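Step one of this worksheet: look at the structure below.
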Amino acid sequence: MFDIWIIPVIVVAVYLISSIKILAEYERAVIFRLGRVLGTPKGPGVIFVFVPIDRMVRISLRIEAMEVPPQDIITKDNVTVKVNAVVYFKVVEPTKAVLEVANYLYASSQVAQTTLRSVLGEVELDTLLGQREKLNIRLQSVLDMHTGPWGIKVTLVEVKQVDLPDQMIRAIARQAEAERERRAKIIHADGEYEASKKLAMAAEAIQMQPAAIQLRYLQTLVEIGAEKNTTVVFPLPIDIFSSLGRALENLGSLKREG
């Protein structure tokens, strides 16, 4: 004969089995018992949740990657750009993540968008393009300050892409080209300056050894003759110019005396 006491035992066994919950290593369970939260989250491993007395909220402790959609930003120097970013964060206090905010993922996304607009709107375009690392650290600090009371830790913020208007891209290209031309002119002027110093040193050396100019003259003739060209060269002795100069000086002195 079937014993009636077996039925309650089966019911209790089924209830206990259904009350068993298994949490992964990266999960924690915030338990509400009769509407009041328990002191510390449970897990990982096997826990008991006695429904309907208890209600469990699973919270993952892994780092979440959240993409911030492109935001229209007006920089400090009145340039309109589109900027998107990615935010990495994780829950460090599961109880606060459940109690302090209705949906911590949505709330974190919204505060990330507003923070991106407010922080990047305070800097100039050159800073936005050239100092990404400093801006990422500043964004992380501001976001962490907002999400800290929710039990969320922002681990990293990266500005992914900055979309510029076509007109601004052309202006930046012209600026870069002008900068390259400026550096080229400076380098050319430095080269001319160095060459002038070397020429002055060479002139001093030739002045000390007059025969050096004759040797240089002959070397130039050799270089010209080595090339296959139709250049006709009439070599003249260098001394003829000095002799001609002395003759002209003597003629001028005779005219003054006469």
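Quick note: the coordinates plus some simple rules give every number you see, no bench work behind them. Keep in mind that this is a model prediction, so the values were computed, not measured. Positions of Cβ are backbone-derived with ideal geometry, glycine not excepted, and every protein chain shown enters the neighbour counts.
Quick notes on this structure:
- Restricting the range 32-88 to trypsin sites (Lys or Arg not before Pro) that sit in a DSSP loop and have at most 11 other Cβ atoms within 10 Å of their own Cβ leaves Arg62.
- Positive-end residue, the range 40-189 charge dipole about Cα centroid, Cβ charges, pick of Ile152, Val68, Ala173: Ile152
- Once the C-beta distance of Trp5 and Leu156 is scaled by a Förster radius of 51 Å, the resulting FRET efficiency is 0.25 to the nearest 0.05.
- Karplus-based coupling profile of the range 74-84, in residue order and whole Hz: 9, 6, 5, 9, 6, 10, 8, 9, 10, 10, 10, with θ = phi - 60° in 6.51 cos²θ - 1.76 cosθ + 1.60 and x standing for Gly or Pro.
- The loop-placed chymotrypsin sites (Phe, Trp or Tyr not before Pro) in the range 1-42, going by DSSP, that have at most 14 neighbouring Cβ atoms within 10 Å of their Cβ come out as Phe2, Trp5, Tyr26.
- Cut-off under 5 Å, modelled amide H: who pairs with Leu156 long-range: Tyr88
- C-alpha center-to-center spacing [the range 64-138, the range 140-214] in angstrom: 31
- Taking a quarter of the surface of the Cα convex hull of the range 64-164 gives a mean projected area of 5.6 nm².
- Given R0 = 22 Å, the distance between the Cβ atoms of Arg132 and Asp163 translates into a calculated FRET efficiency of 0.90.
- GluC sites (Glu not before Pro) restricted to DSSP loop in the range 33-130 with at most 15 other C-beta within 10 Å: Glu100, Glu122, Glu124
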